[in-house]
Amino acid sequence: MPSVSEAIATRPTQSVAHSLDPIAPDEIFALNGAYAKDPNPHKVNLGVGVYRTDDGKPWPLPVVQKAEKQLLAENDIFRHEYSAIEGDVAFLEVARNLMFGFTENGSPESKGRIASVQTVAGTGANHIGALFLKTHAKPKHVWLSNPSWSNHMTIWELAGVDIKTYPYYDAANRSLDFNGMMATLEAEAEPGDVILLHACAHNPTGLDPDRDQWAAIADLCEKKRLFPFFDSAYQGFASGSADDDAWAVRYFFHNKSNMEICVAQSFSKNFGLYGQRTGAFHFVMTTSSPQVRECVVNNLCHFIRGEYSMGPRIGCTLVKKILNDPELAAEWHQDLKVMSSRIKNMRSALRDELVRLQTPGSWEHIVRQNGMFSYTGLTASQVQALREKYHVYLIASGRASVSGLSQNNVTYVAKAIDDVVRNVA
């Protein structure tokens, strides 16, 4: 008979690794990996959400490159030191001013309503905000648009908040389903629920409410006592105007000052700082109170300290340098116009080519949408055919990154779409 120690030694151990449920790889990153391995010379990547030039290459913003050279020349010996848990305070001030439209001499009382912390890009801002609201506001539900950025679902699922969706996309008309959105929220949303709103350039549809519709959404949030959570990933990138793209956030801030709101702010797209992970989270209070603001920041810092201690320095230093220098800031605004104009031109070029080919259906929605993405209306089968036959890569929903189009490939892509629309259900 084996001894107790021998029995323990031979007992099968429980395996965490072998007990895991399988999780599918992230679709966008998997698609990008497949594109990279594809040897076909005509391949086109319409999946990944990054800006590309008409030559299909990355575009480090000229103003960012200029700021990098200036920082290198300055040779600040503290450039690799730790920051504060809340982040670079000077960066947070310019980030807040950009988002809310404050000038250097803006109202101290208005600025005092906002508690800000630096985050690991927009994803980190969404995540910290979700944890903060889950812990302190305890919402029953978070309402996401249907469809929404896929990471919103993951972030709120991991935060442990029950997810509901409101109608957003009218597939039949390839337009915003504003009436469906409002009716569902009116009938089903409960006081204290969080509603996730895309500040501009809705991902994935490229469809935004107009200003009257934004005002109606604000009224509904006020009446139903919902908590608005803005995700601002494309300020200035969508329209070329940082002010226009922040209109919805600023409307809520100025016209619904009796409501708390929050904003997840990313600098990945509008500064081209994808890998620098530069972002901020802003919590807007109903009144200006230094004591309450400090309490909010300290509670946010509690989450930050337990996760990553503080945000990265390089990206925020670049943003701070550019926005604090009038000449560099003016150059940045011009760079925004370059990017947004190319996206708009590619939308028109694709629409025009599909019209010329007399591709079945209407393609006006491509130019009515805005920002980096277009919800093309293609089916999953048509998307698969595009990839297999023409080596054109986009995700199964039919969302295309317009930045992947160029003068060199737009005719090829249009012909490929024409073929699959005519021959694949």
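The values are calculated or read from the model by the stated rules, or taken from the named source; none is laboratory data. Predicted, not measured: the structure shown is a model, and the values here were computed from it. Cβ placement follows ideal geometry from the backbone for every residue including glycine, while neighbour counts extend to all protein chains displayed. Areas reflect the complete protein model, heavy atoms only, side chains present, ligands, DNA and RNA absent. Shrake-Rupley method; radii C 1.70, N 1.55, O 1.52, S 1.80 Å.
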Inset, instruction - Tell me the label-point distance for the pair Tyr308, Glu109, using the 7 Å Cα-to-Cβ offset, in nm and rounded to one decimal. - result: 3.6
Legend entry - Cleavage-rule hits (chymotrypsin sites (Phe, Trp or Tyr not before Pro)) in region 18-87: DSSP loop, at most 10 neighbouring Cβ within 10 angstrom: Phe78, Tyr82
Legend entry - Approximate spin-label separation Glu294-Thr379, in nm, with each point projected 7 Å along Cα-to-Cβ: 6.3
Legend entry - Extension reserve of the Glu68-Val424 stretch, reckoned as 0.36 nm per residue once the Cα distance is removed: 123.3 nm
Legend entry - Given charges at Cβ of Lys, Arg, Asp, Glu: the chain dipole, positive-most of Phe237, Trp143, Ala159: Phe237
Legend entry - GluC sites (Glu not before Pro) restricted to region 325-425 and DSSP loop, no more than 16 other C-beta within 10 Å: Glu364
Inset, instruction - With label points built 7 Å along Cα→Cβ from the Cα atoms of Glu188 and His18, find their separation and express it in nm. - result: 4.2
Legend entry - Relative contact order computed over the chain (Cα-Cα under 8 Å; 6+ residues apart), in percent: 25
Legend entry - Test item: Cα-centred dipole of the chain, Lys/Arg +1 and Asp/Glu -1 on Cβ, debye: 480
Legend entry - From the coordinates shown, Cα extents along the principal axes in Å corresponds to which of (i) 77, 50, 43; (ii) 85, 63, 57; (iii) 61, 53, 37: (ii)
Inset, instruction - Please report, in debye to the nearest 20, how large the charge dipole of region 82-324 is about its Cα centre when each Lys and Arg carries +1 at its beta carbon and each Asp and Glu carries -1 there. - result: 600
Legend entry - Amide N of region 166-188 lying under 14 Å from the label point, which is placed 7 angstrom from the Cα of Arg368 along Cα→Cβ: 169-179
Inset, instruction - Quick one, could you list the DSSP H helices from the chain stretching 27 Å or more along their long axis (Cα atoms) with average Kyte-Doolittle hydropathy of -0.5 or above? - result: none
Inset, instruction - Place the peptides 54-60, 117-123 in order of packing, highest mean first, counting for every residue the other Cβ atoms within 10 Å and averaging per peptide. - result: 117-123, 54-60
Legend entry - Per residue solvent-accessible surface (Å²) - the chain, probe of 1.4 Å: 47
Inset, instruction - Using a 1.4 Å probe over the heavy atoms of the protein chains, calculate the carbon and sulfur portion of the accessible area of the chain as a whole percent. - result: 52
Inset, instruction - Could you tell me which of Gln382, Ile28, Pro326 has its Cα farthest along the dipole of the chain towards the positive end, charges placed at Cβ (Lys, Arg +1; Asp, Glu -1), taken about the Cα centre? - result: Gln382
Legend entry - Net charge dipole size for region 34-116 [Lys, Arg +1 and Asp, Glu -1 on Cβ; Debye, nearest 20]: 380
Legend entry - Positive-end residue of Ala115, Gln213, Phe252, charge dipole of region 82-324 with Cβ unit charges: Ala115
Inset, instruction - Go through Ile128, Ile163 and list them by solvent-accessible area, largest first, probe radius 1.4 Å. - result: Ile163, Ile128
Legend entry - For Phe227, distant residues with modelled amide H under 5 Å away: Gly192, Asp193, Val194, Ile195
